[in-house]
Amino acid sequence: MQFKHITVAGSGVLGSQIAFQTAFKGFDVTIYDINDDAIKKAKERIASLEGVYTEYFKNEQDAAKSAQSRIRYATDLAEAVKDADLVIEAIPEVEKIKQDFYKQLGKAAPADTIFATNSSTMLPSQFAEYTGRPEKFLALHFANHVWQNNTGEVMEHAGTDPKVVQEVLDFAAAIGMVPLHIKKEQPGYILNSLLVPLLDAAQGLWGNGVADPQTIDKTWMIATGAPMGPFGIIDVVGLQTVYNIVSTKAAQHPENKGYKAIADMVKTQFLDKGKMGMGTGEGFYTYPNPAYLEKDFLQP
Ligand code: NAD
């Protein structure tokens, strides 16, 4: 089936980007959110994405400028999904909120509508039964800044119909993502299965006093040819997110004193000083010209 109408549920950071990207590629999009206030914020996000896209896609000005005209807004779920071929869910990363949403969505949507979750840390099988249509449900995971970081990780659960998987892979390609098929459930998909251990290891080397962040980044960049090292990546992710993750680990593993030590270092050296990473202009590096981009950074 060729999808025509896409509904994006949740219009926060990722939902608004997914909606804009989908409209930019010519699809009709409905944004669904919980109330008028959320819709007002969605309209502001969408308007600012028009600026981002016109700047980034200098040769596709018409598509960037007409994308907004293909986006409708709704706070009534049945109205929002009545013509949807596909619903992409990008609501908060809270299991209960998502379960309740899928229960309502399963009742409100036409029987042949496919559902995809953009959840970063949960698995489709956690919600499949709530959808009432497990064979038409899977994950379609985007990365922040979808127009540039265009991975489309498509992850099925054991009960997803292979035809649905193919349709969603095709859709991901049609909206400009590189479709990446994950054939069985994997927490963290491919990207975070690789990235999280790298960032954890880098923090461990720093936290244990083995080497300073710049030496760690230099080692990684010289040896692999990567354009930035783990601490450059941490600045992009944001120090608050890194702190939240490491302090959760510290609480879960009190016997491992290393997690607590790293959480304290991140808090006192960065968060307490307002150094949140690239977003605030300073983290392990200062922006817009971080030291790792200077030409002598990798020299002997
Ligand atoms: P966000 O907090 O920015 O936005 C959530 C949106 O959902 C808000 O607009 C909120 O009003 C709305 N919402 C809340 N309850 C709802 C409901 N019951 N029905 C409909 N809408 C509801 O969140 P986000 O960062 O965009 O994350 C959304 C999802 O995308 C999460 O599952 C997250 O794991 C995933 N994700 C986030 C990123 C990221 O970098 N932020 C990257 C990839 C995937």
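Sort out which residues of the range 22-59 are in contact with a strand residue (DSSP E or B) (Cβ under 7 Å, 6 or more places away or on another chain), open to solvent by 20 Å² or more (accessible area, probe 1.4 Å) and within 11 Å of the ligand (Cβ to nearest atom), and write them in order of number.
Tyr32
Just need a number here: residues in the range 151-173 that are buried (at least 16 other Cβ atoms within 10 Å of the Cβ) and under 20 Å from the mean Cα position of the chain (by Cα). Show your work before the answer.
First, pick out the residues of the range 151-173 that are buried (at least 16 other Cβ atoms within 10 Å of the Cβ): 151-157, 160-161, 164-165, 167-169, 171-172.
Adding the requirement that they be under 20 Å from the mean Cα position of the chain (by Cα) leaves 151-157, 165, 168-169, 171-172.
Total meeting the criteria: 12.
With Ile245, Ile234 as the choices, which residue is within 27 Å of Val13 (Cβ to Cβ) and at pLDDT below 95?
Going through Ile245, Ile234 in turn, just one is within 27 Å of Val13 (Cβ to Cβ) and at pLDDT below 95: Ile245.
Out of the residues in the range 78-97 that are assigned to a helix (DSSP H, G or I) and within 23 Å of the chain's Cα centre (by Cα), which is surrounded by the fewest Cβ atoms within 10 Å (Cβ to Cβ)?
Lys96
For (1) open to solvent by 30 Å² or more (accessible area, probe 1.4 Å); (2) in a helix (DSSP H, G or I), each residue gets a yes or a no:
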position	(1), (2)
His181	yes, no
Lys184	yes, no
Asp200	yes, yes
Trp206	no, yes
Ala223	yes, yes
Ile234	no, yes
Val246	no, yes
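Return a yes/no flag: does the range 4-15 have any residue that is open to solvent by less than 10 Å² (accessible area, probe 1.4 Å), farther than 18 Å from Lys82 by Cβ, within 15 Å of the ligand (Cβ to nearest atom) and in a helix (DSSP H, G or I).
Yes, the range 4-15 has at least one match.
Pairs under 8 Å by beta carbon, first residue closer than 18 Å to Gly281 by Cα in the range 213-240, partner open to solvent by 20 Å² or more (accessible area, probe 1.4 Å) and polar (S, T, N, Q), six or more apart or different chains?
From the range 213-240, the pairs are Gly229/Thr219; Phe231/Gln214.
Go through the residues of the range 62-77 one by one and say whether even a single one is more than 15 Å from the ligand (Cβ to nearest atom) and part of a loop (DSSP other than H, G, I, E, B).
Looking through the range 62-77, none of the residues is more than 15 Å from the ligand (Cβ to nearest atom) and part of a loop (DSSP other than H, G, I, E, B).
The values are calculated or read from the model by the stated rules, or taken from the named source; none is laboratory data. As the structure is a computational prediction, the values presented were derived from the model and not from experiment. As a convention, Cβ positions derive from the backbone with ideal geometry for all residues, glycine included, and neighbour counts pool all protein chains shown. We work out accessible area using only protein heavy atoms, side chains counted, and drop any ligands, DNA or RNA first. Shrake-Rupley method; radii C 1.70, N 1.55, O 1.52, S 1.80 Å.
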